[in-house]
1. Anything in the stretch A:10-61 that is touching a Pro at 6+ places or on another chain (Cβ under 7 Å) and within 14 Å of chain B (Cβ to nearest Cβ)? List them, or say none.
2. Which of the helices (runs of 4 or more DSSP H) contained wholly in the stretch C:211-302 include at least 3 residues that are at pLDDT 80 or above and of a type in the set (Val, Ile, Thr)?
3. Is it fair to say C:Ala272 is touching a residue at least 12 places away in the same chain (Cβ under 8 Å), under 20 Å from the mean Cα position of the chain (by Cα) and within 24 Å of C:Ser79 (Cβ to Cβ)?
4. Evaluate the following for B:Leu53: is it crowded, with 17+ Cβ neighbours inside 10 Å and free of Cβ contacts under 8 Å to residues at least 40 places away in the same chain?
5. Inspect the stretch A:300-312 for any residue being surrounded by fewer than 17 Cβ atoms within 10 Å (Cβ to Cβ), in contact (Cβ under 8 Å) with a residue 12 or more places away in the chain, polar (S, T, N, Q) and not in a loop (DSSP other than H, G, I, E, B) and give the result as yes or no.
6. Restricting the stretch A:5-45 to residues that are free of Cβ contacts under 8 Å to residues at least 60 places away in the same chain and surrounded by fewer than 20 Cβ atoms within 10 Å (Cβ to Cβ), which is nearest to A:Ser227 (Cα to Cα)?
7. Has the stretch B:25-46 got any residue that is closer than 23 Å to B:Glu108 by Cβ and surrounded by fewer than 24 Cβ atoms within 10 Å (Cβ to Cβ)?
8. Right, B:Glu123: over 20 Å from the mean Cα position of the chain (by Cα), assigned to a helix (DSSP H, G or I), more than 27 Å from C:Asn192 (Cα to Cα) and modelled with pLDDT under 90 or not?
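The values are calculated or read from the model by the stated rules, or taken from the named source; none is laboratory data. Here the structure is a predicted model, which means the values were calculated and not measured. Every residue, glycine as well, gets a Cβ built from its backbone with ideal geometry; the counts of neighbours run over all protein chains shown.
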Amino acid sequence: MTDPLLSIRGLELAFDTFDGPYHAIGGVDLDLQPGEALGLVGETGCGKSVLTRAAFGLLPSPPARIVAGSVKLGGRELVGLPERDLRSIRGAEVAMIFQDPMTYLNPVFRVGTQLVDAIRAQSKGRIRKAEAKDIALAMLEKVHLPNPERQFRAYPHELSGGMRQRVLIAMALAAKPRLLIADEPTTALDVTIQAQILRLMGELVEDMGLTMIMISHDLGVVAQVCSRVAVMYAGQIVEDAPVERIFDAPSHPYTKGLLKALPHPFKPVESLASIPGSLPDLLHPPTGCRFAARCPHAGPACTSGPVPFADLAPGHRAACRLHLEGGVLGGTGAFAETA
Amino acid sequence: MLELDDLRIHFPLASGEVVKAVDGVTLSLAPGETVGLVGESGSGKSTIGKAALGLIPATSGAIRVGGEDVVGASAATLRRLRSRAQIIFQDPHASLNPRMTISRSVAEGLILNTPLRGKALRERVAELLARVGLPEQFLNRFPHELSGGQKQRACIARALALDPEVLVLDEPTSALDVSVQAQILTFLKELQAARPSMTSLFISHNLAVVRFLCQRVAVMYLGRIVEEGPVAEVFENPRHPYTRALLAAAPAPEANPRAKGPRVDYVELTGDIPSPVNTPSGCAFHTRCPVARKGICDVDRPADLEVGPRHRAACHFARDLEAA
Amino acid sequence: MSDAALPAPAAQAPAPRRPMRFRETRRMAATYSRSISAMLGLALVVLFLATAAFGPLVAPFPEDATGAVNFEAKLLPPSAEHLFGTDQVGNDIFSRVLFGARTTLQIGLTVTGIAILIGVPLGLIAGMTGGWVAETIMRVTDIFLSIPGLILAIAIVGALGPGILNAMVALSLVWWPGYVRLVQAKTLSLRNEVYVDAARALGAGPLRILFVHVLPNCLSPIVVKASMDMGMAILGAASLGFLGLGAQPPFPEWGAMIAQGRSYLPDWWWCAFFPGLAIYLTVLGFNLMGDGLRDVLDPRQR
């Protein structure tokens, strides 16, 4: 069992707001093995983007504040590292791509210039311009941009959304980082273009032995590229499983609720079950399971203290007492003490 | 109830070029039907939605709402139109005036079109909001105090205030989370049952949602309808190459995405969607089509061919493609 | 007609600790008060307003503001009796400064008020309509804006004759184009908002859209600009007064007082210094307050 590339333990993060601390992340444990493609899914406000940004110091420090926990990249602790060190890690070892490619490319510089700048910056100036240009062109080809020479000389507004996203991927991967974090990379793209980009990302993951975290609110998107899926709710991971098991054997009530609420293009669905209630107020987070207020199976033990993970199968864990007791709950609120 | 007859909407650009947003669309919605309009960017679906309400002027063709043509209509006709057709927009955060309370926003249609005022108006607004699940305390709140789902409900209440016969929904749930989307979709489905005479045009890029809500679907590409028919039929038996590609690309919530729907070959499209400024000659799709043939597809615009009961596709080879 | 009913969303958050109604106002007030410069600005403006309101009541030598002459007391340095000293005709400068505050306030309010009354409607019209009406308005605005403000004001006063009223007219004519630009730009962007489309779909005509939907959303930039403009208008009036084109002596207008005091520099520095200080502090106050308001009302524009 190799050491995980990324290891997060007990991470807690709060935002200091006008109304008090907002506990955006409430204790997250996550391990990422080298070469894995993890999908981080959840709805708005679950903390998926905050989690990855917090891990690499990308959140402005007031108001964000890491309350507790550790984040280790290749064994090296990141929490508490000075900004200078974090900056050298970002770009070179960890690369991020974001949702809207237009706002992440400078409109007044040519694509090639930005690529070359990024490559040289990530190498800390050791690579010269000519060499960087070769690397850039090679990357543009790798992301299947037709006619790389021409794209190199183009301005961002001359490219379509899909092409710009490819450029961003090229920029992110040029320094051969160990970890790629893709935050909703295809949400702003059309469906057919999205399919192309997802296929590209899957290819790159295999080709380059890349480790990747893909953040999305769309389970379908994540299913196409990732081998493992972690579901987040209100700042906590509630279920973590290989991709087939998430769809075939969802175990956490929230995951089940999510899947029941999704319509399917090819299977006629009579009705969509919605999850009653709404997100808890993270200014005063509930003790214990943050989903308990909306859970049809919740019992008194659920809100008394932190919920440990239950191991359901190799690589499949769910933070739910239902499975911990190994038993079936009888009705709402009743608890079977034994299996 | 809602008829589009060879509708063309072209926007001239300053450079002299023309954006052919809608390029010859003919579609007919019977009273009580919910028809989905799907497509990607540049397909023209949103443009059609707004044009049906008279918000965008059409260049040629006709849009008939309950028999009355909206294109080039007089002010009096447009005023009548307002009470017969309504629209719900995509972005709930932008659809409500940030400086007006929810009740005032919802009341707008009533103030403009009915003599209701004062107490009677307030009561009607409260009733409308209650029906979409927004109880009393929401009446005097401002939009920024509501969540996305709640704002969209308020927009639905606003649109339903005038009891429209035709409802256009422009991506109403795209900006919402899965569980909120499920609630709104369930509500819309119940609404269909409660108002069987109301005709709906449901514009979306999300095929799953369209499958859930619509009886018929029309697929658009670059301003033209490429396929149209009963939704189950079109999704399971697509006869236009673009529809096939769209269905193949649609992310489905399942573990093995390659094992898609029953009979669709996996076809990934290369290249980008052309801009509606430079619509390709002949069949708009020929630049990316896996079965396009030179000399035919790039020259002649395909006519609608009948490929099944009430199912048509605009492809030269629609009948030849294996029903698979 | 029985309709489908959506389940009500579960209680949002537990009731917020402060009542919803004024929460936004409170938040804005709290943000504003966190900025030292903004609070300083506010303090200066309040001081100015208080002086304008109550100054004439507490002035030790009120007759000095209206032209009394007292040659024995001429050019006395600041002392307990004459806090700011006396000028060349023996008038107590402190009293004159206090009286001058009222004039200054009048000028600032009038000029800004008239500029808004002219500029905002023109800007709204230019933004809402298109075509030659908008073009004409904007070109005329451009013409006015291309002439340096003070020069234009001087020219107008020169044509109308010196005097405080004419100075105000001149300054108003110089100020209104700025509002046209601001409002036109904002209106253009608001016109394309989704909620405007929604209103049109509900049957709203252009006038209704203008007053109900566009105008209320234009207000914050107008408020910010107005508060900065108060300072600038006061400075403008003082400049005209300094040039002898505004208030005429013995009117206690601060600019005119500096002009008078200029000849007595540097030995009798207090004649020019104190009115100058008054202008400085007042303008500074309005500028700081305007900055603070902008940060609070539209943080994106920082």
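1. Once the filter is applied, which keeps residues that are touching a Pro at 6+ places or on another chain (Cβ under 7 Å) and within 14 Å of chain B (Cβ to nearest Cβ), the stretch A:10-61 yields nothing.
2. Values: elements: C:215-242, C:254-262, C:270-297.
It comes to C:215-242, C:270-297.
3. Numbers: touching a residue at least 12 places away in the same chain (Cβ under 8 Å): yes; under 20 Å from the mean Cα position of the chain (by Cα): no; within 24 Å of C:Ser79 (Cβ to Cβ): yes.
Here the answer is no, as C:Ala272 does not meet what is asked.
4. Working: crowded, with 17+ Cβ neighbours inside 10 Å: yes; free of Cβ contacts under 8 Å to residues at least 40 places away in the same chain: no.
Judged against the criteria, B:Leu53 is not a match.
5. Within the stretch A:300-312 (the criterion being surrounded by fewer than 17 Cβ atoms within 10 Å (Cβ to Cβ), in contact (Cβ under 8 Å) with a residue 12 or more places away in the chain, polar (S, T, N, Q) and not in a loop (DSSP other than H, G, I, E, B)), the answer is yes, since at least one residue qualifies.
6. Going through the qualifying residues, I end up with A:Asp31.
7. Of the stretch B:25-46, the ones closer than 23 Å to B:Glu108 by Cβ are B:46.
Cutting the leftovers down to surrounded by fewer than 24 Cβ atoms within 10 Å (Cβ to Cβ) gives us B:46.
Looking for residues that are closer than 23 Å to B:Glu108 by Cβ and surrounded by fewer than 24 Cβ atoms within 10 Å (Cβ to Cβ), one finds at least one in the stretch B:25-46, hence yes.
8. yes
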